[in-house]
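To start, the structure under review is shown below, and the notes come after it.
What follows draws every value from the coordinates through simple rules; no lab data is involved. Values in this document were obtained by computation on a predicted structure and should not be read as measured data. Cβ atoms come from the backbone with ideal geometry, glycine included; neighbour counts cover every protein chain shown.
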Amino acid sequence: MSTQTLEEEKPTEVAVEPERTNTLNAANRCDHCGSQAYVSALLKTGILEFCGHCWNSYKAGIEPIAEVVLDERWKLTDTAKLDVSP
Ligand SMILES: [Zn+2]
């Protein structure tokens, strides 16, 4: 064993803004359709954000590979600002 570190490669820079991992707001848009995002998935490649509808479509594929999933769809039932069919 040498004292040389194995971490010679620079870690990939991931642009994770702290506020994005905490709370989604109107500035967060669905990466698929552009609606307001209510789910944010942190992947190794970056962050994907989804509205409730698109999350339902992509959840099965994204959830297993996401490191963190921030699900704030409870806001939809709380504020009822958007017309989202149950
Ligand atoms: Zn969408």
Ordering 33-45, 61-73 by per-residue average of other C-beta atoms within 10 angstrom, highest first, gives 33-45, 61-73
Between TYR58 and THR45, the two model label points (7 Å from Cα along the beta-carbon direction) sit apart by a distance in nm of 1.0
Applied in sequence order to region 51-64, the curve 6.51 cos²θ - 1.76 cosθ + 1.60 (Karplus, θ = phi - 60°) yields integer Hz couplings, x standing for Gly and Pro, of 7, x, 5, 5, 4, 4, 6, 9, 3, 4, x, 7, 4, x
The Rg/Rh figure for region 26-76, Cα atoms and Kirkwood Rh, to two decimals is 0.92
Stretched fully, the stretch from ALA26 through THR77 gains (0.36 nm per residue minus C-alpha distance, one decimal, in nm) 16.8 nm
